[in-house]
1. Run the simple label-point estimate for Lys149 and Leu499 please: 7 Å along Cα→C-beta, distance reported in nm.
2. Under 8 Å for C-alpha pairs, at least 6 residues apart: give me the relative contact order for the range 217-357, rounded to a whole percent.
3. In the range 210-318, which trypsin sites (Lys or Arg not before Pro) fall in coil by DSSP and have 13 or fewer other Cβ atoms within 10 Å?
4. May I ask for the distance between the Cα centers of the range 485-564 and the range 190-218, given as a whole number of Å?
5. Can you list the lysines whose alpha carbon is less than 24 Å from that of Lys45, not counting same-chain residues fewer than 8 positions off?
6. Given the DSSP H assignment, sum -39500 (n - 2.57) over each helix run of at least 4 residues in the chain and divide by its residue total; what's the result at 222 nm in deg cm²/dmol, nearest 500?
7. Quickly work out the Lys338-to-Lys157 label distance, labels modelled 7 Å from Cα along the C-beta direction, and quote it in nm with one decimal.
8. For Ile101, Ile379, Ile290, what's the largest-to-smallest order of accessible area, 1.4 Å probe?
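The values are calculated or read from the model by the stated rules, or taken from the named source; none is laboratory data. A quick note: this is a predicted structure, and the numbers were derived from the prediction, not measured. Ideal geometry is used to build each Cβ from the backbone, glycine not excepted, and the neighbour counts take in all protein chains shown. Only protein heavy atoms, including side chains, enter the accessible area calculation; ligands, DNA and RNA are left aside. Shrake-Rupley method; radii C 1.70, N 1.55, O 1.52, S 1.80 Å.
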Amino acid sequence: MFRKLIVASVMCWFLISQLQGQLKPSPTILDAMKEELQRSMEVLKTQPTPPYFISYTINEQRRVLIRASFGALETSSESHSRQLVIDLRVGDYSLDNTHEIRGDGGGFRSRYMNVPVPIEDDLDALRTILWLETDRRYKKAVEDYTKVKTNIAVKVKEEDPSDDFSKEEPEVYTEAPKRLSIDKVLWESKLKKYTDLFRAHMNIYEGQATFDALVETKYFVSSEGAMLQTSTPYVRLLISGFSKADDGMELPRYESFFSFSPEGLPSDEVVLRKVQGMIDDLERLRMAPIVEPYSGPAILLGGAAGVFFHEVFGHRIEGHRQKSEFESQTFKKMLGEKILPTSISVIFDPTAERLNGVDLSGHYKYDDQGVKAQRVKVIEKGIFKNFLMARSPIDKFPKSNGHGRCQAGFQPVARQSNLIVETNDPIPFTQLRQMLIEDCKRKGKPYGLLFSQIQGGFTLTGRTIPNAFNVLPLVVYRVYTDGRPDELVRGVDLIGTPLTAFSNIVAAAEDSETWYGFCGAESGGVPVSQTCPSILISQIEVQKKTKSQEKPPILPAPTEKKQG
């Protein structure tokens, strides 16, 4: 599981002129962080339990947010914030205060640390907060370290005795903070125009557009000598519509767009065409039949297939999950084994800014632990090769590969970036569709399913609950084997377990689609993308979607609406 902006006459800080020139990097922030970190290490090393590592991260966000609904402006705001995260470790690289405590609910530790810092470059104020928070984190670290050593002494031997923290070469890199030029009046007008189309349809109860332009500048220093300042703009446009069937089922539709600049978003003509397509889908979905539980062949178009790979596979190869004894570790012992057709490879590549002519939202230069971003081939020609690693080592993987990520205010763990599925034996989509029909005939199925649009999904990776996933489709069709036209249906959730679902992937088409979203996990929400061809799966399972028991509105719409 994005947008665009521009201000007319009144411009705020980063809305002053075009993206010409860049703001000078502020030495105050990095200098204050470095000086206070050095002082903290010097003083605390005299304590009985000294820290062996400290890092400071300040995440600065400058944002413009505009939202319109049914042709009218809902909000238009600007914000500026900075948040601090401190990683302070006592003990040593092999065993420290972050070690998992087993039993009695000890596996859960909040990774959230909401510490706002001044948005002004006030050296003394910033150092004061760094001093107080370092002191607090140090005391908590010593307390946790005592608990860790006690836990190890009374519990059975751990499955994975890897170190708690990896040794990495310190990186030094600074770039000037980026800025966006946003014409707010223009974008307010655009959003009103996009959402005005929903007005004429009395059966559509939400017709909203949100434009979010963000510049995220990260400042990072560590006791190992790392010093980083990176700055990335994100511009997202999200269109959402919502209707309801007579039986109470809620019917959402979404379209999202992403770019690193306002100019990279699609034209009004393209967006309006997408909005009209959403309206058409919503009107047809209201009358569409509900799909009963089904098990059989299916095609997932590119965007849907990307979400499928993200939920079924991506979360299960995040490195820290292979060490935690609360996790199912689905793929941990499958290194070197064939888990996909030999024609398919899967890569996570945060170094890629663009692919197939579109920007990729999972791009970054350095991760949130100061490690340089790396391209990681996790499946090569069907063979499982690698995990996504932060600085939490696991057996046979002692180093990070630049995937330690987090939302502002959270502690990082291993997370996904730009997921790219490649095939070296692509087939035309018409052939993929024919393969679906033939497979259905062999299995005595009157139809297969085609998943066109996906809302998102979620997955369960723990040991104490079913290790399953749920992908949430928006637009699904029955593809009949007797030549009847495809039939739009509703009420479908795509469910399953990862090993079974992966073993049923048959082939991939020659098309490709990129899907953007935010991925939520222990370290908050991070931007990700999935680029994937359409895929054929020989056996999937769907269940009925949860359904609201509330009727559609009893009162008629307050204004006359003409059905389109």
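1. Going from the Lys149 label point to the Leu499 one covers 4.0 nm.
2. Reported as a whole number, the value is 13 percent.
3. The qualifying sites: there are none.
4. Each part's Cα centre sits 21 Å from the other's.
5. By straight Cα distance, Lys45 reaches Lys34, Lys139, Lys140, Lys147, Lys149, Lys167.
6. So the calculated ellipticity at 222 nm is -6500 deg cm²/dmol.
7. 3.5
8. Per-residue accessible area, sorted high to low, gives Ile290, Ile101, Ile379.
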